[in-house]
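One structure is given here, and the rest of the page talks about it.
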Amino acid sequence: MKTIFSGIQPSGNLHIGNYIGTISQWMKLQQESSNELIFCIVDLHAITVPQDPKMLRQKIVEVAALYVASGIDPKKSNIFVQSENSDHTYLTWIFDCMIPMGWMNRMTQFKDKSAKQAEGTTVGLFNYPALMAADILLYDTTHVPVGEDQRQHIELTRDIAEKFNKIYGETFVPPEPMIDKQAARMMSLQNPTSKMSKSDKDQTGTINLLDSAGEIRKKIQRAVTDSGSEIVYREDKPAVSNLLIIYSKVSGKSVSEIESQYQGKGYGDFKKDLAEAMVEFLTPIQKRYNELMKNKDELSKILDAGAEFARHKSSKKIEMVKKVVGLGR
Ligand code: AMP
Ligand code: TRP
């Protein structure tokens, strides 16, 4: 049996990069009935950079609704909000007291993110990977489906598990990352050398799951392309290759099928069809999202049940940790 854990920060709009890079993998894993699945809305991670409290609250519910609307089935998967289980922060402290500073100093995402903090960096942002390790290790997670940018954090999580087990005896399961090679790093439609990102101030390169049909058409129309007019997946065609993967993921067609479909045709036809495929793909997700947001009872029940499951499972692990570390009486 696999235990799957993953999460997304409610720090902005979910975009097609999040969907293709992670949520679509979660959906595949959901098809195997023996898997135990846990999907978290990691709000404690979101506050490692400044957040407006009202907006954060809104985004937490929005991300939860988008998980469900995208096809995460609460009958098969557990969905919960990270801050509703305080075991995550408890375990983080214990890890903090055993992680060598050198391990944390190597984290490249911290370097990138802290460079962007005009008002200075916090201890929380530095400590972010320890909280992520706690998220994963609390539940005996075997597999973590994420995008490429999270690989280093999962390697650190393995190192933490192994170090803890060596000191205190077998307690944690070192997890494996699950990274979809083709979809691990979807790029901005405006700049194929930069990752499509929630925090990008210029949202014209990002297709959000809640964008209107008009916005989608406009963004795809304006997407940058490469020199030459061929529509092929090739290293020297990063912009077109990115669009081809997006097209493939939202239409269900293979990249080579799409390449042959557009042989001898121009970017105009290709973009027009891609925009329509995207609208067709997102329309049912948005419809379900709007239903969930209209009547929040259903969502509340899903998140309550998810939190209960999470607290129940993690409390056993915390008891074990306290015992082996020698905490309490
Ligand atoms: P974040 O948006 O940083 O909270 O990331 C949530 C999840 O989506 C993580 O597993 C990321 O690795 C993944 N992700 C974020 N942006 C992209 C992207 N442009 N392409 C593929 N995966 C992504
Ligand atoms: N750090 C991840 C990101 O920014 C989000 C995250 C937090 C996560 N905890 C996790 C992902 C545990 C997988 C497992 O994308």
Could we say that Ser188 is closer than 25 Å to Val63 by Cα, within 16 Å of ligand 2 (Cβ to nearest atom), outside the structural domain of Gln25 (by TED's automatic domain parsing) and under 17 Å from the mean Cα position of the chain (by Cα) here?
no
Working only within segment 1-40, note down all residues that are within 10 Å of ligand 1 (Cβ to nearest atom) and in a strand (DSSP E or B).
Ser6, Gly7, Ile8, His15
Return the pair list, or none, for Cβ contacts closer than 7 Å from residues in segment 269-293 that are surrounded by 18 or more Cβ atoms within 10 Å (Cβ to Cβ) to residues that are of a type in the set (Asp, Glu), at least 6 apart or on different chains.
Leu292/Glu298
Which count do you get for residues in segment 138-160 that are part of a helix (DSSP H, G or I), under 20 Å from Ser314 (Cβ atoms) and either within 14 Å of ligand 1 (Cβ to nearest atom) or out of contact with any helix residue (DSSP H, G or I) (no Cβ under 6 Å at 6 or more places or on another chain) (or both)?
4
Looking at this structure, is Gly169 closer than 19 Å to Ile8 by Cβ, at pLDDT 95 or above and either surrounded by fewer than 16 Cβ atoms within 10 Å (Cβ to Cβ) or outside the structural domain of Lys301 (by TED's automatic domain parsing) (or both)?
no
Condition first: within 12 Å of ligand 2 (Cβ to nearest atom), farther than 28 Å from Ala305 by Cβ, among the β-branched types (Val, Ile, Thr) and part of a loop (DSSP other than H, G, I, E, B). Can you find one or more residues in segment 168-181 that meet it?
yes
Filtered residue count, segment 71-106, keeping only those that are among the small types (Gly, Ala, Ser) and in contact with a Leu (Cβ under 7 Å, 6 or more places away or on another chain)
2
Would segment 298-316 turn up any residue that is in contact with a Phe, Trp or Tyr (Cβ under 7 Å, 6 or more places away or on another chain) and not assigned by TED's automatic domain parsing to the domain that holds Phe172?
no
Among the residues of segment 1-32, write down those that are among the hydroxyl-bearing types (Ser, Thr, Tyr) and either farther than 16 Å from Lys76 by Cα or within 11 Å of ligand 2 (Cβ to nearest atom) (or both).
Ser6, Ser11, Tyr19, Thr22
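Residue-wise test of (1) in contact with a Ser or Thr (Cβ under 9 Å, 6 or more places away or on another chain); (2) over 24 Å from Gln82 (Cβ atoms).
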{"position": "Met104", "(1), (2)": "no, no"}
{"position": "Ala118", "(1), (2)": "no, yes"}
{"position": "Pro145", "(1), (2)": "yes, no"}
{"position": "Gln152", "(1), (2)": "yes, no"}
{"position": "Ile160", "(1), (2)": "no, no"}
{"position": "Glu176", "(1), (2)": "yes, no"}
{"position": "Gln182", "(1), (2)": "yes, yes"}
{"position": "Arg185", "(1), (2)": "no, yes"}
{"position": "Leu189", "(1), (2)": "yes, yes"}
Members of segment 143-166 found to be modelled with pLDDT under 95 and more than 19 Å from Lys28 (Cβ to Cβ), listed by number:
Asp149
Looking for something surrounded by fewer than 20 Cβ atoms within 10 Å (Cβ to Cβ), at pLDDT 95 or above, away from ligand 2 (no atom under 12 Å from the Cβ) and under 23 Å from Lys116 (Cα atoms) - is there at least one such residue anywhere in segment 33-47?
yes
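Please indicate, with yes or no, whether at least one residue in segment 314-329 is under 23 Å from the mean Cα position of the chain (by Cα), part of a helix (DSSP H, G or I) and farther than 23 Å from Ile23 by Cα.
Yes: segment 314-329 contains one or more residues that are under 23 Å from the mean Cα position of the chain (by Cα), part of a helix (DSSP H, G or I) and farther than 23 Å from Ile23 by Cα.
Okay, residues lined up against (1) free of Cβ contacts under 8 Å to residues at least 60 places away in the same chain; (2) surrounded by fewer than 18 Cβ atoms within 10 Å (Cβ to Cβ):
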{"residue": "Ile179", "(1), (2)": "yes, no"}
{"residue": "Gln182", "(1), (2)": "no, yes"}
{"residue": "Gln190", "(1), (2)": "yes, no"}
{"residue": "Ser194", "(1), (2)": "yes, yes"}
{"residue": "Leu209", "(1), (2)": "no, no"}
{"residue": "Arg222", "(1), (2)": "yes, yes"}
{"residue": "Gly228", "(1), (2)": "yes, yes"}
Assess whether Glu119 counts as being acidic (Asp, Glu), surrounded by fewer than 21 Cβ atoms within 10 Å (Cβ to Cβ), away from ligand 1 (no atom under 16 Å from the Cβ) and under 20 Å from Arg158 (Cβ atoms).
no
One residue from Val255, Val250, Val279 being among the β-branched types (Val, Ile, Thr), in contact with a helix residue (DSSP H, G or I) (Cβ under 8 Å, 6 or more places away or on another chain) and more than 18 Å from His15 (Cβ to Cβ)
Val255
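The values are calculated or read from the model by the stated rules, or taken from the named source; none is laboratory data. The model shown is predicted, which means the values in this text are computed figures rather than measured ones. Positions of Cβ are generated from backbone atoms using ideal geometry, with glycine treated the same way; all protein chains shown enter the neighbour counts.
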